[in-house]
1. Kindly check whether there is at least one residue in the stretch A:208-216 that is within 14 Å of chain B (Cβ to nearest Cβ), crowded, with 19+ Cβ neighbours inside 10 Å and assigned to a strand (DSSP E or B).
2. For the structure I just gave you, tell me whether A:G167 is under 23 Å from A:T127 (Cβ atoms) and within 14 Å of chain B (Cβ to nearest Cβ).
3. Restricting to helices (runs of 4 or more DSSP H) lying wholly in the stretch A:252-371: which have 2 or more residues that are surrounded by 24 or more Cβ atoms within 10 Å (Cβ to Cβ), in contact with a Gly (Cβ under 8 Å, 6 or more places away or on another chain) and more than 7 Å from every other protein chain (Cβ to nearest Cβ)?
4. Among the numbered criteria (1) of a type in the set (A, V, I, L, M, F, W, C); (2) open to solvent by 60 Å² or more (accessible area, probe 1.4 Å); (3) more than 30 Å from A:L296 (Cα to Cα), which single criterion is violated by A:L205?
5. Return yes when B:A55 is part of a helix (DSSP H, G or I), open to solvent by 40 Å² or more (accessible area, probe 1.4 Å) and more than 13 Å from chain A (Cβ to nearest Cβ) and no when it is not.
6. Answer yes or no: is there a residue in the stretch A:62-73 that is in a helix (DSSP H, G or I) and either hydrophobic (A, V, I, L, M, F, W, C) or in contact with a Phe, Trp or Tyr (Cβ under 6 Å, 6 or more places away or on another chain) (or both).
7. Within the group A:R247, A:R272, A:R239, A:R287, which residue is farther than 22 Å from A:G167 by Cα and at pLDDT below 95?
8. Out of all the residues in the stretch A:121-134, is one or more of a type in the set (S, T, Y), under 12 Å from the mean Cα position of the chain (by Cα), within 23 Å of A:R201 (Cα to Cα) and at pLDDT 95 or above?
Amino acid sequence: VTVVELDERLRALRGAAAETAGELRAHASALDAEPYEMKQHLGVAAFDLIRRCTTPPRFGDPLRLGRFSYAAGSSLDTLVWMVELARGDAGMVLAAPGPSLAGILVDQLGDERQQEFFHRAVADGTTWAFFAVTEPGRGSDASAMESALTAEAPGLYRLNGTKKYIGNGARGAVGVVFARTGGGPLSIRAALVEAAAPGFRARELETAGLRGAALGEIALADVPVPEERLLAGHLPPTRRGLWGAVRVFNTVRPQVAALAVGTGLACLDLVRTERPNAPGLEAVAARLEACRALTLEAGAALDRDRDDGLRSSAAKIAAVAAAREAGRWAVRSLGPAAQVDHPLLEKWLRDVSAFEFMEGTSDIQRLNVARSVTRGRYRTGGQP
Amino acid sequence: VRAAALTAVRTGVLGSLLDAAVERLGTRTFGGLPLIERQFVAGALADVVVEIELATGSAAQPDAPAEAVRAQHERLTEAGWTVTRLFGAEGYVVDHPVRSLHLSALTADLWLARPDVTERRPNGTEGRPNGTEGGR
């Protein structure tokens with residue numbers, strides 16, 4: 001396994017993200033209290049950084065630092081800034097307006113007009129996008145989805161179903177919704193949908209933590225979907241449906257690891273300030289840095305091969321556990337009043353639980369890793 | 001004594017949510033199989049039962065040293081997390097019964113004395129520190 005060395009370009013990105021992280025932390029408690037009161041947060045520098053780094057160059061103005069530029073599309077770039085921003089506050093990272101998960105899918109599956117429609121819609125810095133796969137009662141089993149796209153007339157579909165635990169679900173103006181056009185495994189398609197469409201109803205879900213993600217439930221009743229809003233019509237049938245969702249999940253999985261590592265580092269920062277000689281500090285720090293290294297390696301692997309998700313799964317398992325352990329260790333290190341004296345610690349302890357449930361639980365990731373081993377794609381001590 | 005009482009309350013809450021988890025996992029399927037028949041899930045259930053039995057036994061030892069009591073409660077917190085995971089994302093919504101396991105952990109965190117935490121900040125600041133705002 002090669003270790004990613006941060007070159008000058010990535011060190012500059014990491015430094016720029018670290019500089020804006022303190023501002024995110026200052027906004028974190030207010031966001032946690034009122035996740036839908038976003039106006040007071042929209043001016044933070046990190047939101048601008050995130051938008052620039054997640055918008056393709058032809059639809060926006062990429063982040064430039066000196067002679068380097070950072071456009072959307074590189075997993076490694078994304079993970080470098082995401083760890084540092086999450087060290088400020090992961091809730092604030094997920095509250096950033098812009099393309100987010102839906103953008104990753106549209107960039108991979110959308111034709112030129114669909115990409116332009118989507119990126120124009122989220123370009124103003126005050127618009128969020130939803131990515132709706134999960135259904136109530138189905139969790140990780142995306143192939144069991146029941147939402148349906150029914151052809152009503154030539155060129156027109158009607159969309160029916162319910163989506164739950166969707167980030168930006170109740171505040172997104174536009175996004176993608178997955179649904180079936182028939183019974184087979186290849187008949188799942190993704191549609192660009194606007195929240196203003198007739199038949200689209202969304203409600204907020206009040207979550208215990210990571211409230212900046214603004215999870216919602218979306219109910220779709222006969223929502224009209226013109227055929228030109230179905231993604232991937234220009235791609236072969238095998239590349240139209242769940243294949244795209246799986247690729248998005250592969251891309252996002254190490255991002256969840258990055259958010260977890262950042263949250264663990266935030267807990268570590270707090271203990272380092274309050275009790276610099278706390279027993280176990282070096283071990284917690286080393287574990288989190290190992291998780292960061294594995295997460296970046298997972299990103300580099302994805303940049304080489306979008307289907308190479310082994311290290312993404314490993315990184316997510318390790319980072320979610322390490323972040324929880326860092327939070328528990330901080331509580332033990334700072335004493336009974338810690339969560340009263342440090343409201344952000346109390347918040348981060350709620351936040352870290354969320355990472356377990358995003359983009360596949362640890363058990364699902366364990367199965368992914370085990371499958372890679374049993375299929376001979378991984379050998380210990382060497383390259384797969 | 002109050003730590004033992006807290007242990008009793010926490011194991012009671014844990015047990016009732018384990019029962020609720022068993023009920024839920026028997027009806028939910030993944031790839032056609034009930035989740036409760038999956039080995040990872042079954043193993044997690046068994047681990048929690050072991051912790052409940054251990055905690056019940058240790059609650060009967062009123063003169064256990066403080067360090068042992070704290071370690072016992074940390075294990076109950078981990079067992080609570082194991083049960084929480086069995087409810088998936090639906091247990092992350094604030095009105096779900098499994099949130100009582102988070103409150104159970106928070107109560108133990110706030111209630112149990114930690115005499116080993118004696119150091120203060122290097123500059124001797126007392127009261128409410130502002131370390132959460134920086135510390136990079």
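1. Taking every residue of the stretch A:208-216 in turn, at least one turns out to be within 14 Å of chain B (Cβ to nearest Cβ), crowded, with 19+ Cβ neighbours inside 10 Å and assigned to a strand (DSSP E or B).
2. So A:G167 fits the description; yes.
3. A:281-304, A:310-334, A:343-357
4. (2)
5. Values: part of a helix (DSSP H, G or I): yes; open to solvent by 40 Å² or more (accessible area, probe 1.4 Å): no; more than 13 Å from chain A (Cβ to nearest Cβ): yes.
When the stated conditions are applied, B:A55 does not pass them.
6. no
7. Working: A:R247 fails: farther than 22 Å from A:G167 by Cα; A:R272 fails: at pLDDT below 95; A:R287 fails: at pLDDT below 95.
Unique residue meeting the criteria: A:R239.
8. No, that holds for no residue.
The values are calculated or read from the model by the stated rules, or taken from the named source; none is laboratory data. From a predicted model like this one, the values you see are computed outputs, not experimental measurements. Reconstructed Cβ throughout: ideal geometry from the backbone, glycine too, with neighbour counts over all protein chains shown. Ligands, DNA and RNA are stripped out before the accessible areas are found, and what is left, the full protein with its side chains, is counted by its heavy atoms. Shrake-Rupley method; radii C 1.70, N 1.55, O 1.52, S 1.80 Å.
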